[in-house]
Amino acid sequence: MSVLALDGVSAAPWGEPVLVNIQLQLAAGEVVVVIGPNGAGKSSLLRLLAGDFPASTGTLEFVGRPLAAWPRRELARHLAFLPQLSLLNFPYTVEEVVLLGRTPHSTGARADRDIAQQVLAATDTLGLRNRLYTQLSGGERQRVQLARVFAQIWDRSDMSGKLLLLDEPTAALDLAHQQQLAAAIAAIAGRGCAVLLVVHDVNLAAAVGNRLLVLDQGRQVATGSPGEVLTAALFRDLFHAEVLVQPHPNGRQPLVIGL
């Protein structure tokens, strides 16, 4: 099942193009990681898909329908977006913040609280549920925001036709919680949710992604499996960095070592 299809998509919301001729297919249960240097258009791609601005050319379909044709409330039940920075300065409890993700739904208070408990557990924030959000550390706030977007599209069984967009979700997380997030992404994808995320840690990208999408100056320069994409030549040409790429000891993905 194709959840997301971009064909020749370009966007120029502020005059100069920020995305040019993007081609992307994302299937149910697939995890695609977007990588690239600073200013490559990674966040712009996620913002485009979240509906922050329209495509100027090309076609963009979500679950077989043009993205622009989706009513916003209906779209919010199927697509959740975590931006790089989530500003919330009201003294809500952690549980109240997570329940904001259930706003587009009409599933009832009992079902919503049950879902909140599940996503709090998935993000290691269950013990924080009664704390005030404004009193949390940066890493704790990030995990709560992850729980909120999980709650927005959470389903107990089949999550096919759902899309999760995450922009640098591990930026404030310690190593243990990065690993926990990777496990949570794998679990949610295993239930059919398509996931598109941006990370700067290429080894993390290789660990969690079925495919990588490489952007530079708004253009798609490479796509494929981590083994196909992560080469020393790519890092030399695109990131201007010298690296050693070798098989990971786990035998599942490449390992990139800076020189």
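Of note:
- When W14, W70, W154 are sorted by how many other C-beta atoms sit within 10 angstrom of their C-beta, beginning with the fewest, the order is W14, W70, W154.
- Largest first, the three principal axis extents of the alpha carbons in region 190-259 are 38, 34, 17 Å in whole numbers.
- Rounded to 0.05, the FRET efficiency of the Q246 and A186 pair, given R0 = 35 Å and the Cβ-Cβ distance, is 0.90.
- Mean ellipticity per residue at 222 nm, deg cm²/dmol - from DSSP H runs of n ≥ 4 across the chain, formula -39500 (n - 2.57): -8500 deg cm²/dmol
- Estimated FRET transfer efficiency (A68, E16; beta-carbon r; R0 25 Å; 0.05): 0.70
- Taking the fewest neighbouring Cβ atoms within 10 Å as the starting point, the ordered list for F235, F53 is F53, F235.
- Over the chain: Kirkwood hydrodynamic radius from C-alpha pairwise inverse distances, Å: 18.9 Å
- Ratio Rg/Rh [Cα only; Rh per Kirkwood] for region 77-218: 0.95
- Counting 0.36 nm for each residue step from A233 to T134 and taking away their Cα separation leaves a gain of 31.2 nm.
- Cut-off 13 Å, label 7 Å out along Cα→Cβ of A171, residues of region 125-145 by amide N: 138-139, 142-143
Readers should treat all values here as calculations from the given coordinates under stated rules, not as data from a laboratory. On a predicted model such as this, the values are computed, not experimentally measured, just so you know. No Cβ is skipped: glycine too gets one built from the backbone with ideal geometry, and neighbour counts run over all protein chains shown.
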